[in-house]
1. So in the range 30-53, with the set limited to residues that are part of a loop (DSSP other than H, G, I, E, B) and among the hydrophobic types (A, V, I, L, M, F, W, C), which one is nearest to Asn138 (Cα to Cα)?
2. Looking only at the range 223-241, filter to residues that are basic (Lys, Arg) and modelled with pLDDT under 95; which one of those is farthest from Ala97 (Cα to Cα)?
3. For residues that are without any contact (Cβ under 8 Å) to a residue 12 or more places away in the chain and of a type outside the set (Asp, Glu), scanning just the range 39-53, find the one that is surrounded by the most Cβ atoms within 10 Å (Cβ to Cβ).
4. Filter the range 1-29 down to the residues that are surrounded by 14 or more Cβ atoms within 10 Å (Cβ to Cβ) and assigned to a loop (DSSP other than H, G, I, E, B) and list them by number.
5. Looking only at the range 90-126, which residues are farther than 14 Å from Ala237 by Cα and in a helix (DSSP H, G or I)?
6. Within the range 127-218, considering only helices (runs of 4 or more DSSP H) that don't extend past its boundaries, which have at least 3 residues that are touching a Ser or Thr at 6+ places or on another chain (Cβ under 7 Å) and either within 30 Å of Leu63 (Cβ to Cβ) or not small (Gly, Ala, Ser) (or both)?
7. Is it the case that the range 59-76 has a residue that's buried (at least 21 other Cβ atoms within 10 Å of the Cβ) and either part of a helix (DSSP H, G or I) or out of contact with any helix residue (DSSP H, G or I) (no Cβ under 8 Å at 6 or more places or on another chain) (or both)?
8. Show the residue pairs that are 6+ apart or on different chains and have beta-carbon atoms under 7 Å apart, the first residue being within the range 88-115 and under 17 Å from Ile11 (Cα atoms), the second being surrounded by 17 or more Cβ atoms within 10 Å (Cβ to Cβ) and among the hydroxyl-bearing types (Ser, Thr, Tyr).
Amino acid sequence: MILVTGATGTIGREVMSRLGPEAEVRVLAREPRRVDTVSGAVEVVRGDYGDPRSLEYALRGVLGVFLVTARVGGRDDADFLRAARSAGVRHVVKLSAAAVTDSGADDLITRWQRDTEELLVGSGMDWTLLRPRSFMSNTLSWAGSIRAEGVVRVLYGSSANACVDPRDIADVAVRTLTEPGHEGRAYTLTGPEAITAHEQTAQLSEVLGRPVRCEELEPEQARARWGERYPADVVEALLGSAGRQRDGAKLRVEDTVREVTGVPARSFREWVRDNVAAFGPR
């Protein structure tokens with residue numbers, strides 16, 4: 001039995017959809033009605049990392065886990081890993097981030113990710129760490145302004161990031177969950193090239209068949225925009241991450257997707273073509 005967490009999120013949803021009917025799959029969700037299962041063989045159970053009884057039930061008979069946590073600085077990883085070890089889980093595949101390998105990254109989010117990795121590595125269970133660069137799907141946040149104004153507004157739009165297709169992350173996750181030999185490995189996952197927001201905007205414009213322009217934000221403008229959505233310490237972490245990208249920390253391309261799956265990583269243009277409807281009229 002494989003347990004998938006984060007199945008209503010970007011990566012967890014893709015992982016769940018890729019675990020075929022031959023796999024026994026259980027999904028842990030705080031809101032089961034939001035889980036869009038593609039197979040009747042998938043069991044969805046209600047639970048929360050902070051509810052030990054729900055974890056005990058969800059982990060019963062589970063040997064492998066795809067673990068996603070998002071509450072920065074919380075106890076979700078510690079509580080889950082304690083329950084998983086008690087339940088006899090053998091292998092945990094954790095979604096982390098490439099920033100943990102950046103020597104200059106010391107923001108709140110990256111420190112939390114490093115801490116949660118250490119918890120897993122020291123848990124006594126087999127582990128695999130997935131460390132992706134930014135998701136290509138993050139550009140979906142541009143959809144509203146593209147529809148309304150034909151504009152993308154970004155901070156440091158000329159800086160490049162080797163962003164990765166969420167489907168490639170999920171493909172790697174499924175391999176590590178269902179094949180031997182990935183225990184004790186940490187995989188940095190990127191797309192096939194480092195690409196700037198200006199270049200992404202140009203490709204979006206081409207695929208959409210209409211003009212889309214990219215406008216630069218000043219740091220204070222970005223701080224104000226992000227401050228409408230996130231706590232102040234998270235905003236500062238995002239600004240720090242953008243600064244590292246400006247300084248070239250996110251340029252490196254890895255061939256890990258091909259090495260693990262046998263298939264090259266998808267390009268941003270491929271991602272756009274497959275998701276073009278998300279940027280069009282509602």
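1. So the first thing to find is which residues in the range 30-53 are part of a loop (DSSP other than H, G, I, E, B), and the list is 30-31, 35-41, 47-51.
Imposing the further condition that a residue be among the hydrophobic types (A, V, I, L, M, F, W, C) reduces the set to 35, 38, 41.
Details: Val35: 20, Val38: 24, Ala41: 30 Å.
So the residue we want is Val35.
2. Kept after step one, since they are basic (Lys, Arg), are these residues of the range 223-241: 223, 225, 229.
Among the residues that remain, those that are also modelled with pLDDT under 95 are: 225, 229.
Values: Arg225: 23, Arg229: 21 Å.
Among those residues, the one meeting the criterion is Arg225.
3. We begin by selecting, within the range 39-53, every residue without any contact (Cβ under 8 Å) to a residue 12 or more places away in the chain; these are 40, 51, 53.
Checking the rest, the ones that are also of a type outside the set (Asp, Glu) come to 40, 53.
Numbers: Gly40: 7, Arg53: 10.
Ranking the candidates gives Arg53 first.
4. Here is the first cut: in the range 1-29, the residues surrounded by 14 or more Cβ atoms within 10 Å (Cβ to Cβ) are 1-19, 23-29.
Correct list: Met1, Gly6, Ala7, Thr8, Gly9, Leu19, Ala23, Glu24.
5. Ala98, Thr101, Arg114, Asp115, Thr116, Glu117, Glu118, Leu119, Leu120, Val121, listed by residue number.
6. Those helices (runs of 4 or more DSSP H) span 166-178.
7. no
8. Hits for this filter: Val93/Thr128; Val93/Thr176; Ala98/Thr188; Gln113/Ser96.
The values are calculated or read from the model by the stated rules, or taken from the named source; none is laboratory data. Predicted model, so just to flag it, every value in this text is computed and none were measured. So basically every Cβ, Gly included, is an ideal-geometry build from the backbone, and we count neighbours across all protein chains shown.
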